[in-house]
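Peer 1: For reference, the structure I am asking about is given below.
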Amino acid sequence: MNAALIGSAALLGLAGTPHCAAMCGAACAAVTARGGRAGQWLFQLARVGGYGLAGAVAAASVGSLSRLAALSPALQPFWMMAHLAALALGLWLVWTGRQPAWLERLGSSAR
């Protein structure tokens with residue numbers, strides 16, 4: 001594997017540490033409070049493994065879509081539009097600081 005890729009992934013993980021500690025630190029401590037040291041280590045290992053597995057699935061699916069788009073030139077405009085839509089949504093979220101109403105309703109309809 002490329003050393004620059006490994007280094008950038010490590011730096012990205014290091015930069016995300018304050019976010020993870022602020023968002024999940026108290027919840028993780030509450031969940032593992034009764035388990036002792038062994039329970040805390042097991043919980044953290046399972047959590048890291050779950051994130052790794054989810055990342056691998058996401059990367060494999062995006063990689064498959066990319067290979068499919070490369071094989072079919074007719075799909076390349078749709079691939080570009082998907083990227084632009086994701087970029088536009090991200091910029092809109094940064095600009096407004098809130099989720100759009102349709103995105104908030106997306107998970108609440110399954111009650």
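Peer 1: List every residue pair whose Cβ atoms lie under 6 Å apart, where the two residues are 6 or more positions apart in sequence or sit on different chains, the first residue falls within the range 50-74 and is touching a residue at least 40 places away in the same chain (Cβ under 8 Å), and the second residue, located anywhere, is open to solvent by 70 Å² or more (accessible area, probe 1.4 Å).
Peer 2: none
Peer 1: Scan the range 36-60 for residues that are open to solvent by 90 Å² or more (accessible area, probe 1.4 Å) and among the basic types (Lys, Arg) and jot them down.
Peer 2: Listed by number, the list holds a single entry, 37.
Peer 1: How about the range 19-35: which of its residues are part of a helix (DSSP H, G or I) and either in contact (Cβ under 8 Å) with a residue 60 or more places away in the chain or exposed (fewer than 10 other Cβ atoms within 10 Å of the Cβ) (or both)?
Peer 2: If the condition is that a residue be part of a helix (DSSP H, G or I) and either in contact (Cβ under 8 Å) with a residue 60 or more places away in the chain or exposed (fewer than 10 other Cβ atoms within 10 Å of the Cβ) (or both), then 19, 22, 27, 30 are the ones that fit.
Peer 1: Do we have residue 87 as free of Cβ contacts under 8 Å to residues at least 12 places away in the same chain, within 25 Å of residue 9 (Cβ to Cβ) and open to solvent by less than 80 Å² (accessible area, probe 1.4 Å) here?
Peer 2: Against the criterion (free of Cβ contacts under 8 Å to residues at least 12 places away in the same chain, within 25 Å of residue 9 (Cβ to Cβ) and open to solvent by less than 80 Å² (accessible area, probe 1.4 Å)), residue 87 does not qualify.
Peer 1: So, of the residues in the range 1-18 that are among the small types (Gly, Ala, Ser) and loosely packed, with under 10 Cβ neighbours inside 10 Å, which turns out to be nearest to residue 48 (Cα to Cα)?
Peer 2: In this case the residue turns out to be 15.
The values are calculated or read from the model by the stated rules, or taken from the named source; none is laboratory data. Owing to the predicted nature of the structure, the values given are computational and were not obtained by experimental measurement. Counting neighbours? That spans all protein chains shown, and the Cβs are built from the backbone with ideal geometry, glycine included. Accessible surface areas use protein heavy atoms only, side chains included; no ligands, DNA or RNA. Shrake-Rupley method; radii C 1.70, N 1.55, O 1.52, S 1.80 Å.
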